[in-house]
Structure formats: C-alpha cells, structure tokens
Amino acid sequence: MHSHYVPRGWPDLGPGAPWLRVETETDAVIMLGDKEFRRIGADCWDATTRLADMDADGVDAQVVSPTPVFFSYAADVAQAVRIARILNDLALEICAPAPGRLLPMCQVPLQDPDAACAELDRCLAAGHVGVEIGNHVGDRDLDDAGVVTFLQHAAASGAPVFVHPWDMPSSPRLDRWMAQWLVGMPAETHLSVLAMILGGVFDRVDERLRICFAHGGGSFAFWLGRMSNAWHKRHDVIGTSRYPPDHYLGRFYVDSAVFDERPLRLLVDTVGADRVLVGSDYPYPLGERPAGGLVRKAAFIDEQTRGKILAGNARTFLYGGAS
C-alpha cells in the first residue's frame with residue numbers, strides 16, 4: 001500500500017520547485033534549489049526494476065504514490081496545479097507497463113480546495129486509484145475547513161486517501177541522527193490523527209471516507225489511552241469531538257510499516273485486524289524488504305488475519321470491498 005515514485009523525466013519547473021539532477025541511467029538526485037534532498041535510483045521510475053523487486057518479495061500489486069517533497073503546498077496555486085498535473089501524468093506512464101500490478105495514486109494542490117477537487121476528478125478519470133496527501137498544509141492541519149472540503153469530495157467520489165507525513169520541523173535537536181524521520185514523522189502522523197478526531201472531522205465527514213495513515217499511524221496507538229484520559233478529564237479543553245477518541249477507531253486504516261512484531265501487535269489490538277494494511281515505503285532506505293515480511297512472520301497473527309493484512313484489507317480500502 002505504501003510505496004513511492006519519482007519520474008526520471010521530471011522537468012525543471014523553475015525556482016521553488018523540486019528538480020532532478022540525472023547523473024546516470026540508473027542514478028539521480030532530487031534537488032531543492034542547490035541543495036541535495038535525496039539520492040534515488042531506477043527503482044523510483046523504472047517499471048521493470050520495480051516488478052523484479054516485487055516478484056522477489058512475493059508482491060502481486062503495489063500502490064505507487066508521489067514522493068512527498070513534490071507536494072508543493074507552499075507554491076502559488078497555479079504552480080502547484082502545474083506540478084501536480086505533470087507528476088500525475090508521469091505516474092501513469094511509470095505504471096502503464098503493468099496495469100493491475102502497479103496502481104498509481106495522484107497528488108493534488110491541497111492548499112486550494114477547488115483546484116484539489118478538480119485535479120482529483122481528472123486523475124480518477126485517467127486511471128489513478130486514489131490520492132496521497134500530506135498531513136498538513138503549512139500550519140493548517142487536517143481539520144482545516146478547506147482540507148475537510150477536499151476530504152468530503154474524496155468520500156463522495158469513492159477515492160481512498162493516503163496520508164503521509166512531510167515537511168517536519170527542523171531544529172538543532174532534530175537535525176541529528178535522522179531525528180526528523182525517527183521522531184518527527186511519527187509525531188506528525190499522530191498529530192494528524194488527533195486533528196481528525198479532536199477536530200471533529202470524523203463527525204462531519206461522510207462515513208464513506210476511506211483514509212489511511214502511513215507508518216502505522218505514527219505514535220497514535222501507543223498514546224490512545226492518554227488521549228482518551230485527557231478527553232474525559234479535560235473535556236473543557238479538548239471537547240470538540242462528539243465522542244471519546246476510541247469511538248473513531250473504525251474510521252481509518254494504518255499501514256504495517258513499523259518493522260517490529262511488538263508494535264504490529266499493538267496496532268492490530270488497537271485499530272483492529274481489518275484496519276491494518278501492508279506498507280513497505282519502497283524503494284527508500286528506511287523501507288521494509290522484503291515487503292510484507294513482518295506480517296508474514298509475525299507469530300501472533302493467525303492465517304485468516306494474515307490474509308486480511310496482506311491483501312484483503314487493501315482491496316477494501318482501495319475499492320470499497322469490490323475487487
């Protein structure tokens with residue numbers, strides 16, 4: 001469910017937009033201005049390479065989503081629309097050699113609800129299976145009115161929404177040891193689930209909304225008890241949601257990218273066995289290889305549950321139960 005792409009043919013769209021410094025046929029660097037963001041390889045854009053890795057891992061189908069650095073939520077709307085349209089069209093080219101195995105998700109200019117809804121509609125008509133969004137737009141979280149408008153549209157359109165953390169805060173304390181990724185990413189995702197619950201989004205958005213949070217939902221599962229305790233004891237401060245936090249556990253999915261059987265057990269116990277999907281974060285270094293390996297070997301999972309997490313839950317998330 002959770003993998004990323006970068007098109008090798010990505011153009012230089014001018015100041016402020018990410019660009020690709022292609023070094024060889026199989027190597028490139030994502031650039032932000034004159035700074036290197038990430039070195040990448042052919043597994044980001046080449047279907048043959050991806051399919052070979054999928055076959056090696058025993059993966060039948062892979063949802064292929066944008067790399068979040070391309071979201072461009074801080075750009076003006078016209079530029080963000082341009083970036084989204086080009087990236088989304090190139091995603092279709094990447095996935096075209098293997099329809100049914102490589103399933104593209106689009107991105108949208110989330111800073112503008114009308115433009116975001118229009119781009120989602122265009123992409124669904126073109127063959128994308130859903131949409132990946134960032135977990136915030138500047139200081140606006142997922143309970144922002146404009147974001148909620150987009151989520152309502154996704155629900156009405158039947159489009160699954162995959163939420164990925166991005167644009168983590170930088171500080172001297174977080175710029176060591178990849179702490180932005182090891183601490184910031186889980187915290188960002190946790191905050192976004194809180195925004196959906198405490199911000200009353202699940203109370204307002206159609207229950208048909210299918211939404212999944214990356215990286216096991218961040219630190220949410222571990223701190224659900226603290227969140228619920230605060231809701232009951234300080235309802236005067238965090239009383240926006242109609243019900244206590246655990247009431248909303250059936251409203252969202254999380255992926256399995258937690259890399260250890262102990263947090264995977266907590267996820268299954270907390271959100272439910274029918275709400276966890278395989279996620280690998282392929283092809284990046286912090287991803288899981290072989291994809292789904294943790295789920296396959298987890299001793300606490302029975303075979304029926306294993307089948308759900310490996311495939312059945314993803315079908316329900318992507319297609320609303322229809323295969």
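Things worth noting here:
- Amide H partners (placed H, <5 Å) of residue 253, local residues excluded: 211, 212, 213
- Quarter of Cα convex hull surface for segment 1-102, i.e. mean projection, nm²: 6.5
- Stokes-Einstein diffusion coefficient of the chain, Kirkwood radius over Cα pairs, 25 °C, 0.890 mPa s, in µm²/s: 123
- Segment 191-265 and segment 90-162: distance between their alpha carbon centers, rounded to Å: 21
- Net charge over other residues, Cβ less than 12 angstrom from the Cβ of residue 108 (K, R count +1; D, E count -1): -3
- Separation of alpha-carbon centers, segment 1-67 and segment 272-323, rounded to whole Å: 23
- Per residue, the convex hull spanned by the Cα atoms of segment 160-222 measures out at 93 cubic angstrom.
- Largest-first principal axis extents of the Cα set of segment 226-307 (Å): 47, 30, 19
- Phi angles across segment 211-217 convert, under the Karplus curve 6.51 cos²θ - 1.76 cosθ + 1.60 with θ = phi - 60°, into 3J(HN,Hα) values of 9, 10, 10, 6, 6, x, x Hz, Gly and Pro given as x.
- Over segment 40-152, the hull volume per residue, using the convex hull of the C-alpha atoms, is 111 Å³.
- Amide hydrogen neighbours beyond the local backbone of residue 64, cut-off 5 Å, H modeled: 103, 105
- Sequence ranges 224-236, 255-267, ranked by mean other-Cβ count within 10 angstrom, highest first: 255-267, 224-236
- Mean residue ellipticity (222 nm) of the chain, computed from DSSP H runs ≥ 4 via -39,500 (n - 2.57), nearest 500: -11000 deg cm²/dmol
- For the chain, the relative contact order is 14 percent, taking Cα pairs closer than 8 Å that sit 6 or more residues apart in sequence and dividing their mean separation by the residue count.
- Partnerless cysteines in the chain, where a partner means another cysteine C-beta under 4.7 angstrom, comprise 44, 95, 117, 212.
- At R0 = 22 Å, FRET efficiency that the Cβ-Cβ distance of residue 242 and residue 265 yields, to 0.05: 0.15
- Distant-in-sequence amide H partners of residue 6 (H built 1.01 Å from N, under 5 Å): 45
Each reported figure results from applying straightforward, stated rules to the coordinates on display, with no laboratory input. Just so it is clear, the structure is predicted and the values come from calculations on it, not from any experiment. In this analysis, Cβ positions are derived from the backbone assuming ideal geometry, glycine residues included, and neighbour counts consider all displayed protein chains.
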